[in-house]
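Q: Input: one structure, supplied below.
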Amino acid sequence: MGERHIAIHPAAPPKPPWGAACNGCGLCCLAEPCPIGRLISLRRRGACRALVWEDGPHGNGQYRCGVLAGRRDRLPRWLRPLGGWLQRRAGRWIAAGAGCDCDMELAD
Ligand code: SF4
Ligand code: SF4
């Protein structure tokens, strides 16, 4: 993949190495939605509509998957009735907790 410009929250943590625990840096979901995110966002590139930023207590913060967090407001209207069903399955579908599977590299 060539060079791309992706807007990232300035307080987001740096992306960890591939395979390390996910720290919510958000890079993967800002670059392109996963299969559920494509359904929600109706696009294959760019930030996922379901991605949410959460401020931390010390000026830090992290990105979270709005589907996993049960944020129906991040879903298109037609999918909101299925929000609970999507939330229960999202962890397995997006392999939450399996470590970072994003091999993109950030330039300075
Ligand atoms: S999977 Fe990796 S790139 Fe995606 S939010 Fe987690 S740490 Fe960041
Ligand atoms: S993990 Fe969640 S926020 Fe990230 S692309 Fe998939 S649906 Fe969107």
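Q: Could I have the simple spin-label model distance between ALA69 and ARG4, label points 7 Å from Cα toward Cβ, reported in nm to one decimal?
A: Here the answer is 2.1 nm between the modelled labels.
Q: I'd like to compare 65-72, 96-103: which one has the highest average count of other Cβ atoms within 10 Å, and what's the full order after that? Please report the intermediate quantities before stating the final value.
A: On the way: 65-72: 19.2, 96-103: 12.4.
Taking the mean over residues of other Cβ atoms within 10 Å, the ranking is 65-72, 96-103.
Q: Run the helix sum for the chain: -39,500 (n - 2.57) per DSSP H stretch of 4+ residues, divided by residue count, reported at 222 nm to the nearest 500 deg cm²/dmol.
A: Working: 3 runs with 23 residues, N = 108.
The helix contribution divided over the chain gives -5500 deg cm²/dmol.
Q: Which loop-located trypsin sites (Lys or Arg not before Pro) does the stretch 1-65 contain, where loop means any DSSP state but H, G, I, E or B and the Cβ has at most 14 other Cβ atoms within 10 Å? Before the final figure, lay out each step's value.
A: On the way: sites: ARG4, ARG38, ARG43, ARG44, ARG45, ARG49, ARG64; in loops: ARG4, ARG43, ARG44, ARG45, ARG49.
The qualifying sites are ARG4, ARG43, ARG44, ARG45.
Q: Hey, what angle do you get for helix 83-93 against the long axis of the chain, alpha-carbon based, 0 to 90 degrees rounded to 10?
A: 40
FYI, it's all coordinate maths here, none of it is from the lab. Because the structure is predicted, anything quoted here is derived from the model rather than measured. Note: ideal-geometry Cβ built from the backbone for every residue, glycine included; neighbour counts use all protein chains shown.
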